[in-house]
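We did not get these values from a lab; they are worked out from the coordinates using the rules stated. From a predicted model like this one, the values you see are computed outputs, not experimental measurements. Heads up, the Cβs are rebuilt from the backbone with ideal geometry, glycines too, and the neighbour counts pull from every protein chain shown.
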Amino acid sequence: MTLWPRYLRSGSAIFSTVLLTIVFLTTIIGPFFAPASSLDFIGAPFQGPNAHAWLGTDVLGRDVLSRILQGGYRILGLAAAATALGVLAGILLGMAAGYIKGAVDEIIMRLLDVVLAFPQIILALLFVSIIGPVPWLIVLIVAGFHAPQVARVARAATLRVVEEDYVRFAETIGMPRLRILVQEIFPNIMTPLIVEAGLRFTYSIALIAGLNFLGLGTQPPIPDWGLMINENRIGMATNPWPVVVPVLLIALLTIGTNLLADAIGRAAFGLDRGSRETQPASSDETATVQA
Amino acid sequence: MTAVDIIQSEGATNRLAINVRNLSVALAGSSDVVVDDVSFTLRPGEILGLVGESGSGKTTVGLAMLGYSRRGLDIIAGSVVIGGEDILTLSDEQRRLARRSLISYVPQDPATALNPTLRLRTQLSESFADPAEATEDRLLQMLAEVKLPATSAFLHRFTHQLSGGQQQRIAIAMAFAHRPHVIVMDEPTTGLDVTTQSHILETIRHLCRQHHVAAVYVSHDLAVVGGLADRVAVMYAGRILELGAAERVLRRPDHPYTQALIRAVPDLKGRTTIQGIPGQAPDPHHRPTGCAFAARCNMAADSCRQQAVPSLHTADNHVVQCLFPGEHRDRLAPVSNDWQAVPMASAVTALSVADLTAFHGSRQILQGITLEVPRQTCLALVGESGSGKTTLARSIAGLHHDLTGQLSFNGQDLPIGSRNRSRDLRRRIQYVFQNPYASLNPRRSIGRSLEVALLEFEKLPGVALRERVIAALESVALPARFASLYPHQLSGGQRQRAAIARALVLEPEFLICDEVTSALDVSVQAVVVDLLRRLQHERGLAMLFVTHNLALVRNIAQQVAVLQSGRIVEQGDALDVLERPQAEETLRLLRDAPHFELGETTERDLPVNRGIVAVAKGLQSTALAG
């Protein structure tokens, strides 16, 4: 792939890859190296780091390091599922709106505006208090927040591509509309959508961590970074580690994902620009097109 | 006498407006040069036409003269001396000031160069450092200079209230405001209608003469440059291959590339058939050490390829970068004008349009269009931008739905909208789009694009599919290996041929070509036109050839229809209409179309069909006398 060299040349791409590798190793391989069970009480609450518990103990005297190592994969899994679902729904709605246009476009987009108008956390609060803090609900709620945003990006990209002559050509030969959407339009709106999906993943993490912090997501005693921050706030003065490390990890994850999405976007958009540059003096070209 | 001597003696006798020496521009961080050792001088009031095809580096030279390089490019060597100052060695701040007083720039697209939120008064005042200078009188004078209404009411307008030509006049007024030594104009009339263009060129010429302002006019259009410039520089692959007086360069070109380029320009009088230049220009990464044109030159010798070709200065201040300048002119293959010998089309109508009226929303675009295209005939649809020619083409192709009227194909009713048509009808009528950069799906290989189109109509097994695709590619002179390439790997001309192949693979009977050559360089345009002409003969295709270029009509069409504001004002046999135009619009199009006359030498070199020449002379006396 010609994308790789360009990607690897950018500093932020390498940096974000390193960040994400750290976080992913922590969450995926980490649980196997946890020195203790995340649920066992191994000493007094809020002990500082010692030979026994490298990062000390938490509010209930459990091993902080073990809880950190085991508290990451859940949030990553939920964030990934919510992102996938939200992006998929957003793409379907956005492409439908952008391609069919007219009344369908208006209805879809105005409904999505209504969803956007609700404050996310309060809406989440409402549903969680009605149905209860179950993982699938968290996924649905977060996905529901993403869909309108993704739909806007997908619609804008679709509107641009629909005007391209290769789509017009497909119309002249009577290609079925669904096939036009899948074969002609979708591959050409991928680039902005990949970037968008990366950003959405970042938001998912922040949102889920936030819900967990508020106690609306993962329930105690299951280890979870967001929840740990909340549980151990009161002991900050005696042992800051059960708050600081999860905060750091969430920050690294968010920054890493964000930079990565950015780098991919730049590499891919850059690639597009590069391909135009192989037609030298693109200004001449556009000039004559206008003529 | 060496080059330097000439320059010095010039400098001694005449003050130079600008002296560009050994200017080189390279891709950032590499030694791949985009502009290679370009030198020229201009005296005050002199206009240099900088001519070249896409990628020749002409725009880059124009910008480098202002000390500016586009992102990804670096000016690596040379000097640009204006009024005793070398623009390239100035500090950023000094250069900013120089761009106000010494050299100014007229961009290609005034619509994007002017600030849409400013009234013209504010816009024009911006060209003055001191706001006090921008008095009402001075601003009105600026308007008058460029032949715009010099009234306060006009100064109160916004740019969107101006036509494209008026916007360009504003940009020109701003460039002339400080009476700079030099003005760089980057295709300022591209995208304007021929009439507007000819008026603006007149204004530019007048202003340069009157205020002794030298101008570099960057253009791809030889005819425009021929009518405007005192001197012409022909660029190719970053080098100036030929530079000299306009008359000399365009009538008695020494360089084989100039000769070939001139042969590719369609002649309004139809004395010659346009001839393309095979191959394509080397890109900046693969520029040869020898002559850059050698690979496409049919008189290149080994010595051309082995060594860098020095610039040869001749006594009449003519510079040419060729080892065999002006030699072998006779070796160029003579071109005959035999396209007229098409067995004239059968009387059977392929396509007929009756009383077609089309709308865009509430705006009426076409009105009562009635048209017939006989089988095996090419009908050219000519008109200015906005005359509705593309809407008509799209209506026939089934892409435009908002219309009333009768369409029929081979006597069969042709429903409005492609989706209401039978599969067979959709196959038999094919559309080739204007912009080859947008008509092929960039995520799909060329071969796959053809296959996808074909699979909509025939369920073929893999091998048969592949054979059909390769046959179609070969019919447009693209080798089979192109099937696996992606659109961005192809040049504009190759893409357009691939797009034509995609239409041909469906074995159509009727081809709609919507300005298919307007995005292409002239040398490539000639290749594509030649291809279409050949296909028309071989396959007995009927064609609707939409174009704004009247000169091209003679090269391809047997019939012509002239469209003005949504109505057909004249139609008939192509030669009849071009020689004895009846409608005011046709006359105007013929009169304003930029053209230059091939010199006697070229005419002698090209033994063309004498009959056509005679007819063409008739045209000259009737159409062009006024």
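Quick notes on this one:
- Sites A:Arg160 and B:Thr117 - FRET efficiency at Förster radius 25 Å, r taken between beta-carbons, to 0.05: 0.50
- Average other protein chain Cβ within 10 Å of Cβ, residues B:189-198: 2
- Computed over chain B: relative contact order in percent, which uses C-alpha pairs under 8 Å that are six or more apart: 14
- Over the stretch B:111-177, relative contact order from alpha-carbon pairs under 8 Å, at least 6 apart, %: 47
- Alpha-carbon centroid distance for the pair the stretch A:57-97 / the stretch B:492-558, whole angstrom: 56
- A Förster radius of 22 Å, combined with the Cβ-Cβ distance separating A:Ile222 from A:Thr21, puts the computed FRET efficiency at roughly 0.30.
- Rounded, prolate or oblate (a/c below 1.5 giving rounded, otherwise prolate when a/b exceeds b/c) for the protein assembly as shown by Cα gyration tensor: prolate
- Each of A:Ile131 and A:Leu39 was given a label point 7 Å from its Cα along the Cα-to-Cβ line. The distance between the two points is 2.6 nm.
- Pairwise centroid distance, computed over Cα atoms, of the stretch A:163-193 with the stretch B:32-61, Å: 41
- In this structure, B:Ser91 and B:Val348 have a Cβ-Cβ separation that, at R0 = 56 Å, corresponds to a calculated FRET efficiency of about 0.15.
- Working from Cα pairs under 8 Å separated by at least six residues, relative contact order for chain A is 26 percent.
- Here the Gaussian network model covers chain A, with springs between Cα atoms less than 10 Å apart; of A:Thr238, A:Thr191, A:Thr57, A:Thr238 fluctuates the most.
- For B:Leu351, the amide hydrogen comes within under 5 Å of the amide hydrogens of B:Val373, B:Asn410, counting only partners 5 or more places away or on other chains and with H modelled in the peptide plane.
- With the simple model of a label 7 Å out from the Cα in the direction of the Cβ, B:Ser163 to A:Met190 spans 4.7 nm.
- When +1 charges are put on Lys and Arg Cβ atoms and -1 charges on Asp and Glu Cβ atoms, the dipole computed for the protein assembly as shown relative to its Cα centre reaches about 1160 debye.
- Net lengthening on full extension, B:Arg71/B:Leu27 (0.36 nm per residue, minus Cα-Cα): 14.9 nm
- 0 to 90° range, to nearest 10: angle between helix B:3-13 axis and chain B longest Cα axis: 60
- Model label points for B:Arg43 and A:Leu111, set 7 angstrom from Cα along the Cα-to-Cβ axis, are 7.6 nm apart.
- GNM top mover of A:Ile194, A:Ile208, A:Ile131 - chain A, alpha-carbon springs below 10 Å: A:Ile131
- Using alpha-carbon coordinates, inclination of helix A:186-213 to the longest axis of chain A, degrees: 20
- Here's how it looks for B:Tyr236: its modeled amide H is under 5 Å from those of B:Leu241, which are all 5 or more places away or on a different chain.
- Rounded to whole Hz, the Karplus (6.51, -1.76, 1.60) HN-Hα couplings of the stretch B:432-444, x for glycine and proline: 10, 8, 5, 9, x, 7, 10, 8, 10, 4, x, 8, 10
- Selection from B:Gln210, B:Ala173, A:Gly198, by position along the positive dipole direction of the protein assembly as shown (Cβ): A:Gly198
- Cut-off under 5 Å, modelled amide H: who pairs with B:Tyr105 long-range: B:Val184
- In degrees, nearest ten, helix B:462-475 long axis to first principal axis of chain B (Cα): 50
- For the stretch B:149-192: rounded, prolate or oblate by the Cα gyration tensor [a/c cutoff 1.5]: oblate
- At most 16 other Cβ within 10 Å, DSSP loop - GluC sites (Glu not before Pro), the stretch A:104-174: A:Glu163
- Alpha carbon centroid spacing (whole Å) that separates the stretch B:145-174 from the stretch B:420-442: 41
- Sites listed here are trypsin sites (Lys or Arg not before Pro) in the stretch A:100-199 whose DSSP assignment is loop and whose Cβ has at most 14 other Cβ atoms within 10 Å: A:Lys101.
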